[in-house]
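> Handing you this structure, nothing more for now.
The values are calculated or read from the model by the stated rules, or taken from the named source; none is laboratory data. Since this is a predicted model, take the numbers as computed values, not measurements. Cβ sites come from the backbone with ideal geometry, for glycine too, and all protein chains shown count toward neighbours. Heads up: the accessible areas ignore ligands, DNA and RNA and are worked out on the full protein's heavy atoms, side chains in. Shrake-Rupley method; radii C 1.70, N 1.55, O 1.52, S 1.80 Å.
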Amino acid sequence: MYQLASELWEYPRSLTGDGLRATLHHLSTRLPDLQIHEVATGTRVGDWTIPKEWNLTRARLWNPSGELVCDTQRNNLHVLGYSIPFRGEVELSELQSHLYSLPEVPTAIPYVTSYYEPRWGLCLSHEVRSKLANGRYRVDIDTRLEVGSLTYADLLLPGERRDEILISTYVCHPSMANNELSGPVVTTELANYLRSLPNRRYTYRIVFAPETIGALTYLHLNFELLKQRVRAAFNVTCVGDDRTYSFLPTRDGNHQIDTVSRHVLRHLYPEYREYPWSQRGSDERQYSAPSVGIPMVSLMRSKYWEYPEYHTSLDDLEQVVSAQGLQGGFEAIRRAIDILEQDTIPLTRTIGEPMLSRRDLYSSVGAGRVSSSPQALLDVWSYCDGKLSALEIADILKIRFEDVKRLLKTLEEHDLVTSQPRLLKSSDI
Amino acid sequence: MYQLASELWEYPRSLTGDGLRATLHHLSTRLPDLQIHEVATGTRVGDWTIPKEWNLTRARLWNPSGELVCDTQRNNLHVLGYSIPFRGEVELSELQSHLYSLPEVPTAIPYVTSYYEPRWGLCLSHEVRSKLANGRYRVDIDTRLEVGSLTYADLLLPGERRDEILISTYVCHPSMANNELSGPVVTTELANYLRSLPNRRYTYRIVFAPETIGALTYLHLNFELLKQRVRAAFNVTCVGDDRTYSFLPTRDGNHQIDTVSRHVLRHLYPEYREYPWSQRGSDERQYSAPSVGIPMVSLMRSKYWEYPEYHTSLDDLEQVVSAQGLQGGFEAIRRAIDILEQDTIPLTRTIGEPMLSRRDLYSSVGAGRVSSSPQALLDVWSYCDGKLSALEIADILKIRFEDVKRLLKTLEEHDLVTSQPRLLKSSDI
Amino acid sequence: MYQLASELWEYPRSLTGDGLRATLHHLSTRLPDLQIHEVATGTRVGDWTIPKEWNLTRARLWNPSGELVCDTQRNNLHVLGYSIPFRGEVELSELQSHLYSLPEVPTAIPYVTSYYEPRWGLCLSHEVRSKLANGRYRVDIDTRLEVGSLTYADLLLPGERRDEILISTYVCHPSMANNELSGPVVTTELANYLRSLPNRRYTYRIVFAPETIGALTYLHLNFELLKQRVRAAFNVTCVGDDRTYSFLPTRDGNHQIDTVSRHVLRHLYPEYREYPWSQRGSDERQYSAPSVGIPMVSLMRSKYWEYPEYHTSLDDLEQVVSAQGLQGGFEAIRRAIDILEQDTIPLTRTIGEPMLSRRDLYSSVGAGRVSSSPQALLDVWSYCDGKLSALEIADILKIRFEDVKRLLKTLEEHDLVTSQPRLLKSSDI
């Protein structure tokens, strides 16, 4: 994953344009069945309109001495996202109203955009900005805003059932790592993990799109289908650093996907932090809109807004995101998917307690701390009433889903228990 | 309100009689459509019987030196409520068993009654009582207990629906202010406020009656009608001082009127105190009786039993009740009524989030702290699912109902949301 | 009860055999209608098989000097339960692997069994064991493992309804007092108490059987009948000492029998300890198995596993169990049964509050602290809505069921309230 993130680093991504397009084509080398779609600029999507396509050739700023101050070939955050083209000379005093910097993080180039209001601008570190001498500055922002299209990609991995799990991530952020190269990279890994599963219970719909307008476009084009089929969704964002785990639940906070996610995070990192719905800030705003109601969660590492490098050039692949960070982000979501795929409702086949000793189950039930105990085996068995699921039993006993599954496997192998799949139902939504 | 309280101060009110009658006629000068009713003494009302009508001409006590010790023309609390007539001379030792005073509040004349057991008596401050010298005292209690009637009044303000909100207060207490001139005075103000509303959603039934026996009489005469129509009720009592807010919920504590009341009080005075049902002590004992089941609440300032001047001559218009106190009592109930009248269930009209920028909603959404934020607008919008009400959204977001309504108004004006009334249902009762 | 426990002390009880048989026949002298049953060894009961019948004549161990070290005629715990017969001489080193003692409780002979794995063995105090000198020891374990039967007993006390309450205890433990002579002894007292009730609401099924295999046998032979009829069950165990109260709820913890038990224990001994289902360890493992689902509780004094003398010779009738301890164990279960038998759903007959004064109820309502208050009478009355039961009212008011019943009796005697029985329903299970 870290390797893929490095490969994607330089593409000058935005809501639209060739940087975004190139990123999706690059991803398709890892995901052969990825479908790439183009939607014409000017298309109405819900309450919004797809804006003109934006492409950047290069943006530069020279100081009065003719030295280069900003150059997007050094760092593509130097240009205001969706900046209109501008070429000319301006006095520093006039230039200032087109410059963006962060006094509180003086070494960082900030990530700033102006998608829906035409402006030209350049971004630079406050350190550099505060040393700018008076005089005339040369500006060359070589961008185009033109008729074209918005690009997104999706992938459908069919399962035994037509009910779908939606996995969505966004691909519009330029060179930043946790927010947001981690999302596309981990999602690619999840797609390949899911493809490798021999018998998927659910169908998986995986979407790579620019944030907000891309999600709105996807919703607009697939509204009835998504509403009917999607039973749960993951928003994959901020899954790349190794500092913590964070959770944004569904709006109502009590869907099956919330229960599953909390179980995973509680056992993976008990100190994980759960945020309220009012702290949402990504594509759950669209997919969980009150007219749609898809229950979408975000299992994250350091959440957007909450870490110091957020939305600056400091959010990079050296200091912030690591191979372990990405792996941990992947693990959390993979485990949640595993529970959705594997949860069952077990039912005892014996009237009273099974006799463990004549089956040598006092020793054969496994090696782990929890699973080795015949008491644990009987504890799980005592809940096999055909109503509770393996996950519910795990939560009642305060042990891991995987441990309950291993104990159930032993009980099943000895014909002491039979199990039915525990499926996501409409009432889980 | 304070002016009206002063005007009503002197009437010698009791369960029945001319003081009560005069009070109700005085109120009818402010409430032209108030209906005054008389019910004959001796009438059975449920398990009770309306007692004889009691009227006081004057009650006096002279000490052995011929000086006036008590005189109801100075303070009508000096006579035991419902005292039988008595004229004669008695030794101090005999007199003592007919005197009532409060050693723990020595400057106060206590309020004492003996409605259902014939007794004669006088009330005085413990300070005065403890200085009474031995000797013969002259007593002249000029009262009458006679065939007559119990007087009460009511008023119906029709609304769009026949479902009713009941507002009840009691008018049997003589010269005391918080408990209980504040109730009739605030209720009069509420009646005029309700009359001024252009489109009342509900019908309002407003009752002024003596406590307990008056409420029983009203219930008895209107049992089926009240049971069928009344959806929620306010008991208006102890709404005149400015020291605190208190809440007595419905018996079950989980009706819609409880939710509304707690919302109002939490935002008006977060330190308000909620009392348990076992601390009830007013007409909810009748209206919420298990055979009737009207969900009645009391939003109060200092609750009966809980303030030092309670049921004494110290509960007056100078030290205890104030214009601000009355206004605050009125405000709490008015806000609760406003929520009942105005609560709606909003539903989004857009598929995804509305685009605020193209509507200039980043600045136009108002001036207040909460309402000015586009985030607050989107937070409210994200709950507009056609199921939750404005009040429920306010409680989820921990903001005021009025703020949610203002934000919804903005969303409605931009055709982003449509709303249906949220009506009290049988299940709210 | 203490006397009966003394009489039963010496019988050499086990899962099967003459000690068990003699114990049940002894109990039948106190319970004339007790039915004693024999089930052949080798019978399959669910997942288990009834083992061979075990009988002990005597077991002895002599040291190299020819002195008796262990003799079951001194204490029948000296032999390993279900020990195979053995006669011979062995070196101390070899003998050690057949000896059982408790280093942490050095003065106690431990209670050890090997029901399902053939072994010979002897139990002794660690104090004695650690002084054994080297040399040859003579062993004479005179036991028989043979075709025969498992013995159990039951008793049916019919009531007005065919719905049953099951009371189960176990009779397989040799000479130990709290666990477990207390169970059979208290159960006998409960049976006689129930027989003395003039109008039993429910039918009572009382079972005396060896633990686990006995319960499994009973379940196997009566599966459909138990599943259809039993509405609640008590497991009577560890009810003999006077140190504390303990509670093991049903598996789900929210059945009516849990509510009843918690009410009893809260008022009897507020510091009682509730254990989780994972700490179960008696016949609820069978009767509450997920295929059966009988809601069974244990109201105990010191719980098995939790007191220092547990499963040793120190659990005796002198130091651990007392007449008061047994009486307290009996009381807790009796009170729970009384609530099941007596709970009602009261309904007011008056529209508003009853008038207490004209019935002299201010003084006539009893002498106790709670019941003497007219406020308590009105508090209870205010919940008589035909929905809540006396027990629910008691829990709301935080007073005892008996006090609510006494107050309801007063209200019923004055025709102010009528009551219907509150019956255990399927939904309580």
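> Which value, in debye to the nearest 20, gives the size of the charge dipole of the protein assembly as shown about its Cα centre, when Lys and Arg are +1 and Asp and Glu are -1 at the Cβ? Before the final figure, lay out each step's value.
Working: 141 positive and 165 negative charges, 307 e Å.
In debye, rounded to 20, the protein assembly as shown gives about 1480.
> Oh, and also: For segment B:133-183, rounded, prolate or oblate, judged on the Cα gyration tensor with a ≥ b ≥ c (square roots of eigenvalues), a/c < 1.5 rounded, else prolate if a/b > b/c? Working shown, then result.
Details: a/c = 6.97, a/b = 2.50, b/c = 2.79.
Oblate, since a/c reaches 1.5 and b/c is not below a/b.
> Roughly how crowded by other chains is peptide A:344-355, in terms of the mean Cβ count from those chains within 10 Å of each of its Cβ atoms?
Rounded to a whole number, the mean comes out at 6.
> What is the average number of partner chain Cβ atoms found within 10 Å of a Cβ in C:211-221? Don't skip to the answer; put the middle values down first.
Numbers: counts 0, 3, 2, 0, 2, 5, 1, 1, 2, 2, 0.
Mean shielding count: 2.
> Which translational diffusion coefficient, to the nearest whole µm²/s, is obtained for segment C:84-153 from the Stokes-Einstein equation, given a Kirkwood hydrodynamic radius over C-alpha pairs, 4 °C and 1.567 mPa s?
Details: Rh = 13.8 Å.
Estimated diffusion coefficient is 94 µm²/s.
> Label-to-label distances across copies for C:ILE36, with labels 7 Å out along Cα→Cβ, in nm, shortest first?
So the distances to the same position in the other copies read 9.0, 9.0 nm.
> If you take the beta carbon distance between C:SER93 and C:ARG58 as r and set R0 to 30 Å, what does 1/(1 + (r/R0)^6) give as a FRET efficiency, to the nearest 0.05? Walk me through the intermediate numbers first.
Values: r = 25 Å, r/R0 = 0.85.
Computed FRET efficiency for C:SER93 and C:ARG58 comes out at 0.75.
> While we're looking at this one, here's another question. Where does each of A:101-107, B:290-296, B:237-243 land if you order them by average Cβ count within 10 Å, highest first? Mind dumping the intermediate values first?
Values: A:101-107: 14.1, B:290-296: 21.3, B:237-243: 26.1.
Order by mean packing, descending: B:237-243, B:290-296, A:101-107.
> Can you give me the C-alpha center-to-center distance between segment B:401-424 and segment A:47-88, rounded to a whole angstrom?
42
> I would also like to ask the following. With the other protein chains left in place, how much accessible area per residue, in square angstrom, belongs to segment A:235-337 at a 1.4 angstrom probe?
Values: 3180 Å² over 103 residues.
For segment A:235-337, the per-residue accessible area is 31 Å².
> For chain C, calculate the relative contact order in percent as a whole number, restricting contacts to Cα pairs under 8 Å that are 6 or more residues apart.
Values: 899 pairs, mean separation 66.9, N = 429.
16 percent.
> Follow-up question, since we're still on this one. Between segment A:99-169 and segment A:302-359, how many Å separate their Cα centres?
Distance between centres, Cα-based: 31 Å.
> Continuing with the same structure: Considering only DSSP beta bridges whose two residues both sit in chain C, what percent are antiparallel, to the nearest 5?
Numbers: 43 of 62 bridges.
That works out to approximately 70 percent antiparallel.
> Let me ask something additional. Which whole number gives the average, over all residues in B:148-155, of C-beta atoms from other chains lying within 10 Å of the residue C-beta? Present the calculation step by step, with values, prior to reporting the outcome.
Numbers: counts 0, 0, 0, 0, 0, 0, 0, 0.
Taking the mean over all residues of the peptide, I get 0.
> What does the charge count near B:SER322 come to, summing +1 for each Lys or Arg and -1 for each Asp or Glu among other residues with Cβ under 12 Å from its Cβ?
Details: positive: B:ARG243, B:ARG301; negative: B:ASP241, B:ASP242, B:ASP316, B:GLU318.
Charge balance in the 12 Å sphere: -2.
> Between B:LEU225 and B:VAL147, what FRET efficiency comes out of the Förster formula 1/(1 + (r/R0)^6) with R0 = 30 Å and r the beta carbon distance, rounded to 0.05? Each step should come with its number before you reach the end.
Numbers: r = 29 Å, r/R0 = 0.95.
Calculated transfer efficiency: 0.55.
> Express the relative contact order of segment B:373-429 as a whole percentage, based on alpha carbon pairs under 8 Å and six or more residues apart in sequence.
Numbers: 30 pairs, mean separation 18.2, N = 57.
This gives 32 percent for segment B:373-429.
> Let me know the charge dipole size of segment C:182-311 about its Cα centre in debye, to the nearest 20, where only the beta-carbon of Lys, Arg (+1) and Asp, Glu (-1) is charged.
On the way: 16 positive and 13 negative charges, 105 e Å.
That gives segment C:182-311 a dipole magnitude of about 500 debye.
> How much net charge surrounds C:SER357 when only the other residues with a Cβ under 12 Å from the Cβ of C:SER357 are counted, with Lys and Arg +1 and Asp and Glu -1? Write down the numbers at each step before the final one.
Details: positive: C:ARG358, C:ARG359; negative: B:ASP47, B:GLU117, C:GLU353, C:ASP360.
In short, -2.
> Heavy-atom accessible surface, probe 1.4 Å, ligands and DNA/RNA ignored: which residues of segment C:241-276 lose at least 50 Å² versus the isolated chain?
C:ARG251
> Along the axis that rotates chain A into chain B, which residue of chain A has the nearest beta-carbon, and what is the gap in whole Å?
A:ASN254, 11
> Follow-up question, since we're still on this one. Each residue of segment C:118-135 in order: what ³J(HN,Hα) in whole Hz does its phi give by Karplus 6.51 cos²θ - 1.76 cosθ + 1.60, θ = phi - 60°, with x for Gly and Pro?
Once θ is set to phi - 60°, the couplings for segment C:118-135 become x, 8, 10, x, 9, 10, 7, 6, 5, 4, 5, 4, 6, 9, 5, 8, 5, x Hz.
> Could you tell me the total accessible area buried at the A-B interface, probe 1.4 Å, in square angstrom to the nearest hundred? Kindly include the intermediate steps, with their values, before the conclusion.
On the way: alone 17930 and 17930 Å², together 34250 Å².
Result for this pair: about 1600 Å² buried.
> When the distances between all Cα atoms of segment A:1-96 are binned every 10 Å from zero, what whole-number percent does each bin get?
Percent of pairs per bin, in order: 12, 34, 29, 18, 6, 0.
> Based on C-alpha coordinates, I'd like the Rg and Dmax of the protein assembly as shown, in Å.
In Å, with Rg to one decimal and Dmax whole: 41.0, 117.
> Label-to-label distances across copies for A:GLU224, with labels 7 Å out along Cα→Cβ, in nm, shortest first?
Counterpart label points of A:GLU224 in the remaining copies fall at 5.2, 5.2 nm.
> Suppose we keep just the alpha-carbon trace of segment B:179-220; what are its Rg and Dmax in angstrom?
So, for segment B:179-220, Rg and Dmax equal 12.4, 35 Å respectively.
> Obtain the radius of gyration and the Kirkwood radius of chain A from its C-alpha atoms and give Rg over Rh.
Working: Rg = 25.3 Å, Rh = 23.6 Å.
With Rh from the inverse mean 1/r over Cα pairs, Rg/Rh is 1.07.
> Take the alpha carbon atoms of segment B:9-32, find their center, do the same for segment B:239-265, and report the distance between the two centers in whole angstrom.
Distance between centres, Cα-based: 28 Å.
> Determine the share of the protein assembly as shown's accessible area contributed by carbon and sulfur atoms, expressed in whole percent, with a 1.4 angstrom probe. Spell out each step's value before the answer.
On the way: 23490 of 48990 Å².
Here carbon and sulfur together make up 48 percent of the probe-accessible area.
> Ok, one more. Could you report segment B:1-125's accessible area per residue, 1.4 Å probe, as an integer in Å²?
Values: 5490 Å² over 125 residues.
Value returned for segment B:1-125: 44 Å² of accessible area per residue.
> Now for a different question. Between copies, how far does the label point of A:ARG161 sit from its twins, in nm, shortest first, when each point is 7 Å from Cα along Cα→Cβ?
3.9, 3.9
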